[in-house]
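See structure below.
The values are calculated or read from the model by the stated rules, or taken from the named source; none is laboratory data. This structure is a prediction, so every number in the text was calculated from the model and none was measured. When we count neighbours, we look across all protein chains shown, and the Cβ atoms used for this are built from the backbone with ideal geometry, even at glycine. Ligands, DNA and RNA are excluded from the accessible area calculation, which covers all protein heavy atoms including side chains. Shrake-Rupley method; radii C 1.70, N 1.55, O 1.52, S 1.80 Å.
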Amino acid sequence: MLLWVSLLVLAPVSGQFATEPKSVIFLHSPWTTVFQGENVTLTCKAFHLDASEKIKWYRWYLLEKTQSETSGNTHEVHESGDYRCQAQDSPLSNRVGLFFSPANLILQAPLDVFEKESVILRCRAKANTGLKTIKLYKNGKVLEDHTVEISVGMLTDFHIHQASLKDNGKYHCTGVKEDDQLVSSNSVKIEVQELFPRPVLRASSTQPTEGGAVTLTCETQLSPQRPDVQLQFHFFRDRRSLGSGWGSSPEFWIHTIWRENSGSYWCQAQSMNSSVQKQSQRLQIQVKIPVSHPVLTLRAPGAQAVVGDMMELHCEAQRGSPPIWYHFYHEDVSLESSSSSFGRGASFNLLLTAEHSGNYFCEANNGQGFQRSNTVSLTVRVPVSQPVLTLRASRAQAVVGDMLELHCEAQRGSPPILYQFYHKDVAVGNSSATLGGGASFNLSLTTKHSGNYSCKAGNGLGVQQSEVMLLSVIVPVSRPILTLRAPRAQAVVGDVVELHCEAQRGSPPILYQFYHKNVTLESSMSHSGQGVSLNLSLTANHSGTYSCEADNGLGPQCSEAVTLSITGLTGSRSGPVATSVTGGLLSMMGLAAVALLLYCWLPRKAGRKPTFDFSRNPSASDPQEPTYHNVPSWIELQPVYSNVNPNRGDVVYSEVWTVKVENKQAAASDPELLKNMDSCVIYSQVKGAYTAAPKPQLLAASTPHR
């Protein structure tokens with residue numbers, strides 16, 4: 001009884017445990033068909049039923065329903081109908097149909113027929129009825145034919161040994177009275193029931209972790225109409241028996257399960273007398289091995305990971321039951337998930353960019369907990385991009401003497417980066433940027449630094465060259481020289497005089513401007529760097545001082561002033577003009593004599609002999625083209641006097657040059673001009689031509705402009 005109660009509690013109903021079993025009705029005697037006048041005792045059994053508890057009884061007959069109540073669990077009845085009972089707090093029992101027959105012949109059968117049981121079908125005649133033959137029919141066909149001695153109230157039992165589903169059907173019996181009258185019984189429907197259904201093997205886990213515990217349960221449901229039947233259970237793995245064999249417990253405990261315990265499990269259940277034995281379906285149990293710490297490997301095509309390479313990330317756990325799920329991470333951000341059904345690891349490919357530098361790790365999980373790999377750092381090397389060369393000067397134009405910075409920088413590229421600077425394809429310097437960025441190189445500019453510049457950048461992944469940059473070093477203009485060129489010694493109204501202005505140094509274009517008495521006459525641009533000229537058709541107003549200015553954007557330079565005297569006479573030159581010329585000539589001769597004495601006396605005083613150089617031939621100059629000029633800036637002259645006779649060869653010529661002693665180097669650079677460095681006077685020369693009537697000469701003087 002205790003086993004029956006336990007099974008009612010533990011046995012599953014449609015895969016679930018019943019919350020409360022139904023009440024069950026038992027018959028005494030066991031027949032569901034009896035003769036009228038006889039009684040049948042019904043017993044109601046329920047879970048947790050108290051002996052003093054009241055039981056409700058229900059009877060349905062045709063359309064009538066009656067209800068009664070007993071203080072015990074038994075109820076004696078004598079009327080046909082469907083009976084149900086209900087104990088307190090229990091569901092109603094199933095219907096039990098009873099038939100009290102008025103016929104002379106009845107066929108009696110038990111209420112329930114279970115598989116493998118021996119079943120008795122009793123064909124019973126009334127007490128006042130005698131029969132000579134009795135036949136048993138199943139589904140209208142004679143099953144057995146018995147000839148018996150005529151007796152009153154006789155009964156005949158028909159046996160079904162080890163009932164099975166093939167015995168299901170409708171049964172009735174017939175008898176023949178002694179007057180050959182046929183008597184037929186009621187019909188009885190036999191349905192053979194399972195004593196218990198095929199068991200189902202369940203496991204606390206079908207994928208247990210190695211080293212864990214597993215509980216196996218062989219679940220079935222014993223019919224409550226057979227509470228006295230006991231079941232036994234047996235567990236198997238593949239073809240091996242587990243435990244000690246048959247046992248009364250439907251559970252089997254595996255306290256520690258290992259990888260080799262994986263396999264196909266099944267169980268058997270049988271009644272105690274072994275008449276009914278059933279086997280469950282097989283259940284696969286795969287013991288899972290937790291994954292070990294995976295190893296992350298980064299596989300690049302070369303020794304270094306470079307932008308554009310295809311990088312393979314391979315994650316693999318050396319131990320762990322498949323399938324294993326692998327997850328890849330970059331800086332804690334999930335990249336990809338992949339599964340491995342054979343435990344060989346998983347891979348993930350990346351087309352590298354600069355953003356892929358950083359820390360990587362992977363995780364492995366097979367349902368038994370995840371494991372994380374160690375972190376692997378990846379540095380993606382970026383080849384240098386084409387560098388940009390920048391020329392940085394202190395002003396808009398590079399000028400001689402300025403400090404110029406050459407800055408070379410590649411916008412992309414992994415450090416360290418080596419920068420090299422080139423001038424006209426010749427290396428002039430290099431610098432390394434260990435932390436990235438650019439590098440600089442400084443130049444103090446001279447005229448030689450003009451030309452094409454470029455730079456190169458390299459970081460071991462190739463060299464890139466910048467575009468070529470052209471540098472033009474601008475030279476400020478030097479002090480220009482103004483030269484006045486006239487067709488005769490004395491400028492006369494109507495002559496055309498050429499004013500020529502030229503700076504010996506200076507980068508073009510140079511803007512020249514001519515001035516007369518500090519008033520601008522004209523401007524002219526020289527793109528070639530040579531000087532420019534201005535022609536004047538002289539009038540009396542053109543007398544006075546002239547100067548010129550040169551400018552190439554780096555500051556103007558002004559020449560020394562040149563004085564031009566213009567005469568308006570076009571006939572014979574006499575009178576006051578001759579007197580003036582003669583006086584001027586005598587003054588010139590006096591100055592020349594003084595200069596000659598100084599020239600001879602100073603060296604003699606110093607213990608040296610004077611040196612005379614008459615190599616300059618004044619006749620080499622065209623006497624028809626006198627020149628009014630100022631001297632180059634490296635030598636400062638004062639004053640310069642010259643007079644010529646453009647019409648005759650009898651010329652009185654005098655010229656005095658004075659040189660500053662401090663500019664020894666400049667003076668020494670022209671040996672024809674300066675033979676004795678200690679002399680204040682270079683040379684003095686006087687030519688005289690005597691005629692019967694000497695004519696007056698025109699005197700022009702050039703005074704340095706301060």
Task: Listed residues S280, S274 arranged by accessible area, highest first, probe 1.4 Å - done: S274, S280
Task: Residue among S280, H293, W246 farthest towards the positive dipole end of the stretch 226-299, charges placed on Cβ - done: H293
- [ ] Can you tell me how much longer the chain between M403 and A127 gets when fully stretched, taken as 0.36 nm per residue apart minus their C-alpha distance, in nm with one decimal?
- [x] 84.8 nm
- [ ] Would you mind working out the magnitude of the charge dipole of the stretch 480-567 relative to its Cα centre, with +1 at each Lys and Arg C-beta and -1 at each Asp and Glu C-beta, to the nearest 20 Debye?
- [x] 120 debye
Task: Extension gain from T215 to A354, taking 0.36 nm per residue of separation minus the Cα-Cα distance - done: 44.6 nm
TODO: Roll a 1.4 Å probe over the protein chains and send me the accessible area per residue for the stretch 240-322 in Å².
DONE: 54 Å²
TODO: Any chance you could count the Lys pairs in the stretch 89-211 whose alpha carbons are under 18 Å apart, treating pairs 8 or more apart or on different chains as valid?
DONE: 16
Task: Residue (of L350, V307, F370) at the positive-pole extreme of the stretch 294-378, dipole from beta-carbon charges - done: F370
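Just subtract the alpha-carbon distance of S394 and T66 from 0.36 nm times their residue separation and send over the number in nm, one decimal.
Going from the current span to full extension adds 105.9 nm.
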Open item on the list: At 1.4 Å probe size, with the rest of the protein present, what percent of the exposed accessible area of the stretch 60-182 is carbon and sulfur atoms?
Closed with: 47 percent
- [ ] Note down the accessible area of K517, probe 1.4 Å, to the nearest 10 Å².
- [x] 110 Å²
Open item on the list: Order 540-546, 129-135 from most to least packed using the mean count of other Cβ atoms within 10 Å.
Closed with: 129-135, 540-546
TODO: Could you tell me the largest-minus-smallest coordinate of the C-alpha atoms of the stretch 24-193 on each of the three principal axes, in descending order and whole angstroms?
DONE: 55, 34, 28
TODO: Report in % the part of the accessible area of the stretch 344-421 that belongs to carbon and sulfur, leaving out ligands and nucleic acids; probe 1.4 Å.
DONE: 47 percent
Open item on the list: I'd like to know which of G263, Q232, T209 lies farthest towards the positive end of the charge dipole of the stretch 157-297, counting +1 on Cβ of Lys and Arg and -1 on Cβ of Asp and Glu.
Closed with: T209
Open item on the list: Checking the a/c ratio against 1.5 first, then a/b against b/c, what shape does the Cα gyration tensor give for the stretch 200-285?
Closed with: prolate
- [ ] Would you kindly find the accessible area of V34, with a 1.4 Å probe and non-protein molecules such as ligands, DNA and RNA excluded, rounding to the nearest 10 Å²?
- [x] 10 Å²
Open item on the list: Treating only the Cβ of Lys, Arg, Asp and Glu as charged (+1, +1, -1, -1), what charge dipole size does the stretch 38-174 show about its Cα centre? Round to the nearest 20 debye.
Closed with: 440 debye
- [ ] Would you mind working out the accessible area per residue for the stretch 387-471, using a 1.4 Å probe, and quoting it in Å²?
- [x] 53 Å²
Task: Protection proxy ranking, peptides 473-483, 302-312, average beta carbon neighbours within 10 Å, highest first - done: 473-483, 302-312
- [ ] Compute the separation of the alpha-carbon centres of the stretch 398-422 and the stretch 491-530 and state it in Å as a whole number.
- [x] 42 Å
Task: Pairwise FRET efficiency - E467 versus T446, Cβ, R0 = 25 Å, nearest 0.05 - done: 0.55
- [ ] Could you check the simple spin-label distance between L242 and N374, using points 7 Å along Cα→Cβ, in nm with one decimal?
- [x] 4.1 nm
TODO: Give me the compactness ratio for the stretch 387-471, meaning the Cα radius of gyration over 2.2 N^0.38 Å.
DONE: 1.07
Open item on the list: Can you compute the modelled spin-label distance between L92 and E331, with each label point 7 Å from Cα toward Cβ, in nm?
Closed with: 7.3 nm
Open item on the list: If you count only protein heavy atoms with a 1.4 Å probe, what accessible area per residue comes out for the stretch 480-567, rounded to a whole Å²?
Closed with: 44 Å²
TODO: Describe numerically, in nm with one decimal, the distance between label points set 7 Å from Cα along Cα→Cβ at S205 and at C558.
DONE: 10.6 nm
